[in-house]
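For reference, the structure discussed in these notes is given below.
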Amino acid sequence: VVIEAASIMGQQFDAELLPVVADLSRAEVTHILTSLNRDRLVHSTGKRDRYVFNHKITRDAVYQNIEPLRRAELHARAAEELVNRRDAGFMVTDGDLARHITAAAQLMEPSKVVAAVRAAADEAAADWSRSRQAKELAIALDFIPAAQRAQRAEVLVELADAYGIMGRNEENKKYALE
């Protein structure tokens with residue numbers, strides 16, 4: 001369970017999130033992390049409660065072998081805990097939160113997914129990462145029903161603008177004319 005919870009967080013993960021995501025006590029998680037470290041599956045990064053999988057293939061294999069509904073549930077728990085941490089004043093990026101919410105989309109209201117990825121797109125734009133902004137906006141578009149024309153149009157304009165700023169004229173034109 002702990003290694004599955006760690007795998008949904010990515011190649012590097014925060015051990016402080018594991019008790020909530022894995023639904024285990026801190027002591028149980030610490031014991032299991034010690035075993036995973038001894039078995040050379042993960043190791044500490046040297047930063048407080050940060051660990052990394054020793055091999056990307058290990059993390060990917062664990063992640064891909066989690067049953068899809070279970071994987072979505074783990075991502076939903078991670079998203080909920082990240083929101084709690086943000087509310088408590090901890091630094092949580094919109095991109096990290098959106099990644100978990102999108103991965104748990106089958107368990108979420110589409111409007112919540114759209115709000116999360118649009119916030120991540122805004123964060124990317126503020127960082128001048130137009131390609132990441134466009135990626136997030138494209139995800140948002142997938143979750144906005146065709147009947148919600150005004151919201152779709154707003155996202156399409158932002159998407160066209162992002163591609164225009166990157167000088168990707170074909171994509172700019174595609175989304176501007178949609």
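Before moving on, here are some points about what is shown:
- Comparing 116, 79, 153 in a Gaussian network model of the chain where C-alpha atoms under 10 Å apart are linked, the largest mean-square fluctuation is found at 153.
- Which labelled figure in [x] 56, 34, 31; [y] 35, 31, 30; [z] 109, 22, 20 is Cα extents along the principal axes in Å, once derived from the coordinates: [x]
- Partner lysines whose Cα lies under 27 Å from the Cα of residue 47, excluding those fewer than 8 positions away in the same chain, are identified as 56.
- Reach of residue 135 by Cα under 16 Å, taken over lysines that are not fewer than 8 positions away in the same chain: 174
- Entry comment: accessible area of the chain is 56 Å² per residue, from protein heavy atoms only and a probe of 1.4 Å.
- Taking the 1.4 Å solvent-accessible surface of region 58-178 as the whole, the part contributed by carbon and sulfur is 52%.
- A dipole drawn for the chain from +1 and -1 charges on Cβ atoms has a positive end, and of 121, 3, 153 the residue lying farthest that way is 3.
- Structure remark: mean-square fluctuation, Gaussian network model of the chain, C-alpha springs under 10 Å; the largest value among 11, 148, 106 belongs to 148.
The values are calculated or read from the model by the stated rules, or taken from the named source; none is laboratory data. From a predicted model like this one, the values you see are computed outputs, not experimental measurements. No Cβ is skipped: glycine too gets one built from the backbone with ideal geometry, and neighbour counts run over all protein chains shown. What goes into the accessible areas is simple: the full protein's heavy atoms, side chains included, and nothing from ligands, DNA or RNA. Shrake-Rupley method; radii C 1.70, N 1.55, O 1.52, S 1.80 Å.
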